[in-house]
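What follows is a single structure, written as C-alpha cells, with notes after it.
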2 protein chains.
Amino acid sequence: MGGYSVPMSAVPTLRDVAVHAGVHVATVSRALNPETRHQVNAETAARIISIARDLGYRPNALARGLRTARSTTVGVLLPDITNPLFPPIVRGIEEVLLPEGYTALIANTDNAPDQEEAQFTRLRQHHVDGFIVATARRDHPLLRRVRQEKIPLVLVNRTIERGGFTSVVADDTAGVTAAVRHLIDLGHRDIAFLAGPSNLSTALLRLNTFKRAAAELGVAVDGRLIERCEAYSEAAGDAALSRLIAGERRFTAVLASNDLIALGCYDALERNGLSCPGDISVIGFNDMPFIDKLRPPLTSVHVPHHEMGRTAARLLLKQIRDGLPRRGETVQLPVELVVRGSTAAVRP
Amino acid sequence: MGGYSVPMSAVPTLRDVAVHAGVHVATVSRALNPETRHQVNAETAARIISIARDLGYRPNALARGLRTARSTTVGVLLPDITNPLFPPIVRGIEEVLLPEGYTALIANTDNAPDQEEAQFTRLRQHHVDGFIVATARRDHPLLRRVRQEKIPLVLVNRTIERGGFTSVVADDTAGVTAAVRHLIDLGHRDIAFLAGPSNLSTALLRLNTFKRAAAELGVAVDGRLIERCEAYSEAAGDAALSRLIAGERRFTAVLASNDLIALGCYDALERNGLSCPGDISVIGFNDMPFIDKLRPPLTSVHVPHHEMGRTAARLLLKQIRDGLPRRGETVQLPVELVVRGSTAAVRP
C-alpha cells in the first residue's frame, strides 16, 4: 500500500485517482485502458496505474460493458447443476474464463424448452457476450435462431444435427464400442441396452453404436432387449430395467446410456432380488464422481468433463474475439472404459 | 405474434417499438417501465407493451442497471461447485432469485483467501446487488470489510464468529448429538471423531458438540481418538483415519465431520483390511446425493441444503429491498439422522 489515505468505506472513483495523480480524469481513463494507454506518456501511465492500485480503484464493469458493447459475461445453459456431470464442466469453463476477465452466468433449464427460453432471454438481457450450451436437443429451433443472429455459441456434451454449430463432445463411439467388447470378452451374449431420450444426440449415437458394435463383434442384437428411458435419470433407468426384467427375454448384462440410468438399474435389480454382477452385469457412461465407491463399484466409460468445459470456453472466447467461424468445428475428446466391480464373467 | 414485420436477425430497439406504435421513444420508455407506466395513458401503454412483445423487444439490462444502480445480479461465493454439497444450495438460491428477476453469479474460491478476494473484486466490478457466501471462516477480515461497506450479504452453511452477520445454518448440535446417541445405542464406547479444519465454524461446533454429547451420555472422550482433518475432503479423511488406525488406542466407531471425510474413512479401512460396519462403524454428515448407494450405504446426518439456499436467497432479497438489518439474524434449519448400512452394533 502507498501513502494515500481514503476513508475505508468510500469506493474510489476515476476522479479520486485523477486528484491523487494531479492529472485530468480523461488521462486517467486513457492510462487505465490497455487499448488507449499508448496515448499517455509511459511514465505517467505507470504512476497512474500504481496510484489506482493503491487506492483500490475498481473500473465499473457495467459502464465499461456499455462502452465496448461487451459485458465480459458468458451464459452457460445446463440441464441441472445437481447432475454430477455438470459441476466439473462448469469448473473447466471457469478456469479458462476467469484469467481472461470473463464471468460465467449459470442457468438451469431442467431440459424444459419454455424454461430454457426464459433463461436465454434473461441472459440476453444481461448482454452476455456468448453462450456455452449443454442442453442441446437434436433439433433445436431456439439455438438455430441464436445462430442466425450471429451470437457466439459453443455446444458442450451434446450436439445439434446439422446447422454448423461448434461443439465439444466425447468420443461416444469409442466408449460404447469398448463397453460392448468388454461384455463380450466376459462371455455375455444376451446384452440389454437402456437408451437415453430420443431427442438427445448422445442417446441416438450411443444406441446406434451399440447396435453396430454388437453386430460387428458377432452378437445378435435383439430389439426386445433395447429399452428407451424417458430421461437421463435414476428413476427412468429403474423403470426401464424393470420393464425388461418383467419381459420374457432373458439377459445377463445391461449397458446403460449414462451413469444415472445405471444407478436406477441397481435399484431395479435389488427390488427384483437380482444381484450385480452375479446375475446381471451393469455398465454406465460418464464415470461421474464417487461411482468407484458404489455397491458394487460401477464399470463406466470415463468422459473428461473438466477438459470438455475448458475446451468449450477456449472455443467461445475465440469466437467472441475473432468472430464466428464460417463452419462450426466439432472437437471430440477421447474416453476410456474404467472396469470395476459391476461387470463379471457370465455364469457358466 | 402480431402483424409486425422486422428482419429476423435484427435486435429490436426502443426506437423500433416507438416507430411501430407511432409514439415518441420517451413514451415507450415510460410505458415499459412499471415504475413510470402511470404517466402514460393506460390504453396507449397496453398497446405499446403488446407491440414490444410482438417485436421481441428486450430491455437492456445493463443500461437499466446503471439507471437504477442495480444490476439484478447476486454474487454467490462457494468453495467448490464439484463438492456435492453445493449444487443443491445453488438450485435453491436460483429458485428464489429467478422469479424476482435476479441472476446468480457463481464463483469458486477453493477456500483460498487470495482467490476469494479476486473473485470478490470481480463480482463487485459487475456491481452485484449483494452476496451469498458459503466460504465463511470463523475469522474473516474480507467479509468484515464488506459488512462495514453496508453491502447486502447473507452467509450460508458456515458462519463467522461475532459481527452480526445474517446466516442460514443447519442445526449441527442436534445432528451430532443424534449421531453420538445412535452409536451409543449400538453399544459403542470407543468412538473416534474426525474434526474438520479448525478455521471453519462447522468444524468447531461439531467437535465441541461431540465432546459434550458423549460426556452427557456417559461415554468418556479420549483425546487420542480425536483427529483433525486438513480439509473437508476424501484425502484428508483417509489420512486422518490412517493416523488413528496406526495409533495404539482402539476404537469401534468413527464419527466424521462430513461425508467426504467419511468417504476417505472407507478408503483407509479397506487399505488396512478392516470392514465397515463389521470392524468399524462410520457416520458422515450432510447426507450428500448418492451416498445411499455406497458400499456400505453411509449413515449420515441429513442437512436440507436446497432449503438452505432458498432461505439465504429470501433473506438477501429482503436486505437488498429493505436495507441491512440492525442485527443479523441466524436461521437454523432442522436436520435428521439417516441410518443406513455403515453403522452396526458393536461386536460382543
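The values are calculated or read from the model by the stated rules, or taken from the named source; none is laboratory data. As the structure is a prediction and not an experimental result, all values here were calculated from the model. Note that we place each Cβ from the backbone using ideal geometry, even for glycine, and neighbour counts take in every protein chain shown.
Summary of values
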quantity	calculated
Selected residue (only one of A:SER281, A:SER257 is more than 15 Å from A:GLU227 (Cβ to Cβ) and crowded, with 18+ Cβ neighbours inside 10 Å)	A:SER281
Options A:ALA107, A:ALA170, A:ALA112: the member that is closer than 26 Å to A:ASN258 by Cα, surrounded by fewer than 22 Cβ atoms within 10 Å (Cβ to Cβ) and among the small types (Gly, Ala, Ser)	A:ALA112
Odd one out for B:PRO99, checked against (1) within 21 Å of A:TYR102 (Cα to Cα); (2) more than 8 Å from chain A (Cβ to nearest Cβ); (3) without any contact (Cβ under 8 Å) to a residue 12 or more places away in the chain	(1)
Of all residues in region A:54-70 being charged (D, E, K, R) and outside any helix (DSSP H, G or I), the one that is modelled with the lowest pLDDT	A:ARG58
Unique residue being more than 21 Å from A:ARG144 (Cβ to Cβ), of a type in the set (A, V, I, L, M, F, W, C) and in contact (Cβ under 8 Å) with a residue 12 or more places away in the chain when the list is A:ILE132, A:ILE89	A:ILE89
Count of residues meeting criterion [surrounded by 15 or more Cβ atoms within 10 Å (Cβ to Cβ) and in a loop (DSSP other than H, G, I, E, B)] in region B:147-162	6
Residue tally, condition under 26 Å from A:VAL168 (Cβ atoms) and surrounded by fewer than 14 Cβ atoms within 10 Å (Cβ to Cβ), over region A:333-348	1
Residue match in region A:225-234 (condition: at pLDDT below 95 and out of contact with any Pro (no Cβ under 8 Å at 6 or more places or on another chain))	yes
Members of region A:26-53 that are in a helix (DSSP H, G or I) and hydroxyl-bearing (Ser, Thr, Tyr)	A:THR27, A:SER29, A:THR44, A:SER50
From the options B:GLU234, B:GLU230, residue that is out of contact with any strand residue (DSSP E or B) (no Cβ under 6 Å at 6 or more places or on another chain), surrounded by fewer than 18 Cβ atoms within 10 Å (Cβ to Cβ) and among the charged types (D, E, K, R)	B:GLU230
Region B:131-146: number of residues that are assigned to a helix (DSSP H, G or I) and either touching a strand residue (DSSP E or B) at 6+ places or on another chain (Cβ under 6 Å) or assigned by TED's automatic domain parsing to the domain that holds B:GLY284 (or both)	1
Some residue of region B:301-322 being at positive phi, touching a Ser or Thr at 6+ places or on another chain (Cβ under 9 Å) and modelled with pLDDT of 95 or more	no
Tally, over region A:111-124, of residues that are closer than 16 Å to B:GLU94 by Cβ and at the interface with chain B (Cβ under 10 Å from one of its Cβ atoms)	6
Every residue from region B:87-96 that is surrounded by fewer than 23 Cβ atoms within 10 Å (Cβ to Cβ) and within 7 Å of chain A (Cβ to nearest Cβ)	B:PRO88, B:ARG91
Subset of region A:293-306 [within 13 Å of chain B (Cβ to nearest Cβ) and either out of contact with any strand residue (DSSP E or B) (no Cβ under 8 Å at 6 or more places or on another chain) or within 19 Å of A:VAL346 (Cβ to Cβ) (or both)]	A:PRO296, A:PRO297, A:LEU298, A:HIS306
Failed item, numbered, when B:HIS127 is tested on (1) facing chain A (nearest Cβ under 10 Å); (2) free of Cβ contacts under 8 Å to residues at least 60 places away in the same chain; (3) within 19 Å of A:GLY101 (Cα to Cα)	(2)
Criterion (away from chain A (no Cβ under 14 Å), among the hydrophobic types (A, V, I, L, M, F, W, C) and closer than 18 Å to B:LEU85 by Cβ) met by exactly one of B:LEU217, B:LEU194, B:LEU207, B:LEU225	B:LEU194
Some residue of region B:225-244 being over 14 Å from B:LEU194 (Cβ atoms) and of a type outside the set (Lys, Arg)	no
Odd one out for A:GLY328 among (1) more than 14 Å from chain B (Cβ to nearest Cβ); (2) modelled with pLDDT under 90; (3) surrounded by fewer than 18 Cβ atoms within 10 Å (Cβ to Cβ)	(3)
Only one of B:ARG212, B:ARG250, B:ARG224 that is more than 28 Å from A:PRO289 (Cβ to Cβ) and in contact with a Lys or Arg (Cβ under 7 Å, 6 or more places away or on another chain)	B:ARG224
Segments classed as helices (runs of 4 or more DSSP H), wholly inside region A:171-249, with at least 3 members that are among the hydrophobic types (A, V, I, L, M, F, W, C), in contact with a Leu (Cβ under 9 Å, 6 or more places away or on another chain) and under 17 Å from A:VAL301 (Cα atoms)	A:172-185
Failed item in (1) within 23 Å of B:ARG144 (Cβ to Cβ); (2) crowded, with 20+ Cβ neighbours inside 10 Å, with B:GLU117 passing the rest	(2)
Residues within region B:252-274 that are in contact with a Pro (Cβ under 9 Å, 6 or more places away or on another chain) and within 14 Å of chain A (Cβ to nearest Cβ), tallied	3
Residue ID - surrounded by the fewest Cβ atoms within 10 Å (Cβ to Cβ), chosen from residues in region A:135-146 that are in contact (Cβ under 8 Å) with a residue 60 or more places away in the chain and under 24 Å from A:GLY92 (Cα atoms)	A:ARG137
Single residue of A:ARG271, A:ARG243, A:ARG250 found to be touching a residue at least 40 places away in the same chain (Cβ under 8 Å) and basic (Lys, Arg)	A:ARG250
Condition broken by B:VAL23, with the remaining ones in (1) at pLDDT 85 or above; (2) under 29 Å from the mean Cα position of the chain (by Cα); (3) not in a helix (DSSP H, G or I) satisfied	(2)
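This table checks each residue for (1) at pLDDT 90 or above; (2) in the same structural domain as A:GLN319 (by TED's automatic domain parsing); (3) not hydrophobic (A, V, I, L, M, F, W, C).
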position	(1), (2), (3)
A:VAL28	no, no, no
A:ASN33	no, no, yes
A:ALA42	no, no, no
A:ALA45	no, no, no
A:PHE86	yes, yes, no
A:LEU97	yes, yes, no
